[in-house]
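The values are calculated or read from the model by the stated rules, or taken from the named source; none is laboratory data. From a predicted model like this one, the values you see are computed outputs, not experimental measurements. No Cβ is skipped: glycine too gets one built from the backbone with ideal geometry, and neighbour counts run over all protein chains shown. For the accessible areas, the whole protein counts, side chains as well, though only heavy atoms, and no ligand, DNA or RNA atoms are used. Shrake-Rupley method; radii C 1.70, N 1.55, O 1.52, S 1.80 Å.
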2 protein chains.
Amino acid sequence: MADQIVVIKRRKTRRIYIGKVPVGDGAPIPVQSMTKTDTRDAAATLIQIHGLAKAGCEIIRCAVPDENAASALREICAGSPLPVIADIHFNHKLAILALEAGAQGLRLNPGNLGKSEHVKTVAKEALSHKVPIRVGVNAGSLSEAWREKVHQGALTIEEAMVESALGQIRLLEDCGFDQIKVALKASDVPTTIMAYRLMAQKCDYPFHAGITEAGTPRTGIIKSSVGIGALVLEGLVDTLRVSLTADPLEEVFVGIRILQTLGLREAGPDLISCPTCGRVEINLRDLADKVEEVLAGETIPIKVAVMGCVVNGPGEAREADVGIAGGKGVGIVFRKGEIIDRVDEKELLSALVREIERYKKEIR
Amino acid sequence: MADQIVVIKRRKTRRIYIGKVPVGDGAPIPVQSMTKTDTRDAAATLIQIHGLAKAGCEIIRCAVPDENAASALREICAGSPLPVIADIHFNHKLAILALEAGAQGLRLNPGNLGKSEHVKTVAKEALSHKVPIRVGVNAGSLSEAWREKVHQGALTIEEAMVESALGQIRLLEDCGFDQIKVALKASDVPTTIMAYRLMAQKCDYPFHAGITEAGTPRTGIIKSSVGIGALVLEGLVDTLRVSLTADPLEEVFVGIRILQTLGLREAGPDLISCPTCGRVEINLRDLADKVEEVLAGETIPIKVAVMGCVVNGPGEAREADVGIAGGKGVGIVFRKGEIIDRVDEKELLSALVREIERYKKEIR
């Protein structure tokens, strides 16, 4: 992992804690998601949270749109294996109720709470519960006044996002509250990246990163991987959430994979497979899909290679712990580039499974 | 697009041409793919190339493993709507045959051609055909000597890749050949990024970027988006190919989307959809999937939003050309954040399709 440490230089930030999970100041980047069940249905919400926790999610957020949701939150917080962040808009009473219910984080913009008295009340309660607040500005939810300035050309959209977020932060700081996390999301990636870069010069609060409303998995995975990946690489991410119009398990899968791709998380098996070309003589796509299925249940860090060409296969996938390559009816099994077995092409998959089992025993 | 221009500062490079397609020196970044048919089957290969061209692919590469493939290349080059790059290993005669067949680019490593006489012959022929050569080093195919140096700790893997590629480049330069493009691929993203960063300090030849053997779409799309996206953002990409163990159409789709995500390509419709949360009151996932199907055939640049909440929907997706939001049985249709229609929730999809059609007529 030495390479990765060289590549990414994390921005210096303060540290906050969502429950026991540290965020910022170089802590491992926790992956978040948000429940998509009706929060008032505590049982359904808890089932979803348990599934997400099993998939590697580390912090969960629940929308709290009304008092019934706030009361359900008590059961949810009590039963959740993950620290719960309450997502609140406009109503400061819901924030207080969420804190009383055991929420370990709040996501709200103090500027939307109405009177400054309300902000003070929330800040005081959050402080006494040791609960941080995430303030966040979405490009689309900028207030009329900020949008007007962008429209007039006085500010760029990312400058308006940053100024607006700084205004939210100041409202909390004025109440003596500094357990803050910041998010600046736009559905377009360049704006998002520039907003975070700019904010990095303005404060040292940890950043929550994401591309908002990225869409369905088909395109949303690409947008999120490019955008969040770039921010992680620039050291600007302290925690992240992938937003997809999909099962939240998919959000967690993609978030973890982004971190794994940048060497920041071991997330079980890594499958390397060649794209195939005019040289390939076996049905590699089918074989790779089957190997992916075999690996789906595994949690051990193992690099597996599936290559379409006996000549180049082992060399090209030298860094794989276990690999196979096939062509012209013959298949080979290799480990770290060394050929250890030759089998009939039809036996390749079972030979690979056998070798993976052997590897698992060795590293145990 | 002003934002995007600010974000990405392209590295200064020489320019080469693959056929009529410029590469480098600030030219738009062409998306490449590679045929996965047997090159000897010219008809099947041409069908695949036509499909890829229609999907937005701009340069195509074909493996040329033997003389039969080299002869089929004549028919392929004659019938291809895209400039064809011949992918050659070890055999300099195949390179000459490919040039005679009409290949407009070569991908080969001169160090693998054997005698220096062979390198001279290929360089001379390529020069007279005005055909550039891509040299490229894959982390996995580093020669024994370079790997030994890495093993001893004398060089990092990316330093070895860069030195090895510079050696390949020098062999061509010694023959007076400078129509060169460089690729440095590893299947792990940090190594790839560091290799390109390092090479950017060493030469001004244009870069072909990719993450090699990225795997199946499930994880390969994430790896490629993070890796290629980061390189594009750093201005280090002059042309790119996404490698997936999948239909090459998928490679082209992902490549184009990476560029679109960074504002470098208008690739038809862009669907913004909210990830849904405990507030959502309609089946948004289903609706978003259907809208995605509706948009699949469109080529016009239109930003469409599908939001789960009437209150925040139009505001959050203000930048969308056309959008819908629903909840509690009522749906709204909006354009650039302005509500223009209210419909029954069941009518939302058809109202959106109607509005998209109207928008298409307006921008024509």
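For the condition in contact with a Leu (Cβ under 9 Å, 6 or more places away or on another chain), open to solvent by 10 Å² or more (accessible area, probe 1.4 Å) and at the interface with chain A (Cβ under 10 Å from one of its Cβ atoms), what is the one hit in B:248, B:275?
Checking each option against the conditions leaves just B:275.
For region B:340-357, indicate whether the set of residues that are buried (at least 24 other Cβ atoms within 10 Å of the Cβ) and either closer than 19 Å to residue A:185 by Cα or without any contact (Cβ under 8 Å) to a residue 60 or more places away in the chain (or both) is non-empty.
Within region B:340-357, none of the residues are buried (at least 24 other Cβ atoms within 10 Å of the Cβ) and either closer than 19 Å to residue A:185 by Cα or without any contact (Cβ under 8 Å) to a residue 60 or more places away in the chain (or both).
Considering only residues that are more than 7 Å from every other protein chain (Cβ to nearest Cβ) and open to solvent by less than 10 Å² (accessible area, probe 1.4 Å), which ones fall in region B:217-226?
Listed by number, the residues that qualify are B:220, B:224.
Quick check on region B:20-59: of everything there that is of a type in the set (Val, Ile, Thr) and assigned to a helix (DSSP H, G or I), which residue is most open to solvent (accessible area, probe 1.4 Å)?
Out of the qualifying residues, it is B:47.
So in region A:285-317, with the set limited to residues that are free of Cβ contacts under 8 Å to residues at least 12 places away in the same chain and either out of contact with any strand residue (DSSP E or B) (no Cβ under 9 Å at 6 or more places or on another chain) or under 19 Å from residue A:253 (Cα atoms) (or both), which one is nearest to the other protein chains (Cβ to nearest Cβ)?
A:289
Just to be sure I understand, how many residues within region B:129-157 are acidic (Asp, Glu) and modelled with pLDDT of 95 or more?
Total meeting the criteria: 0.
When you look at residue B:319, is it part of a loop (DSSP other than H, G, I, E, B), of a type in the set (Asp, Glu) and open to solvent by less than 50 Å² (accessible area, probe 1.4 Å), yes or no?
The answer is no for residue B:319.
Go through region B:295-309 residue by residue and tally those that are open to solvent by less than 60 Å² (accessible area, probe 1.4 Å), within 25 Å of the chain's Cα centre (by Cα) and hydrophobic (A, V, I, L, M, F, W, C).
Count: 4.
For residue A:236, indicate whether it is closer than 27 Å to residue A:162 by Cα, in a helix (DSSP H, G or I), more than 9 Å from chain B (Cβ to nearest Cβ) and touching a strand residue (DSSP E or B) at 6+ places or on another chain (Cβ under 9 Å).
No: the conditions fail for residue A:236.
Among the residues of region A:113-122, write down those that are without any contact (Cβ under 8 Å) to a residue 12 or more places away in the chain and assigned to a helix (DSSP H, G or I).
A:117
Just for helices (runs of 4 or more DSSP H) wholly inside region B:123-216: which have at least 1 residues that are more than 14 Å from chain A (Cβ to nearest Cβ) and in contact (Cβ under 8 Å) with a residue 60 or more places away in the chain?
B:157-173, B:189-200
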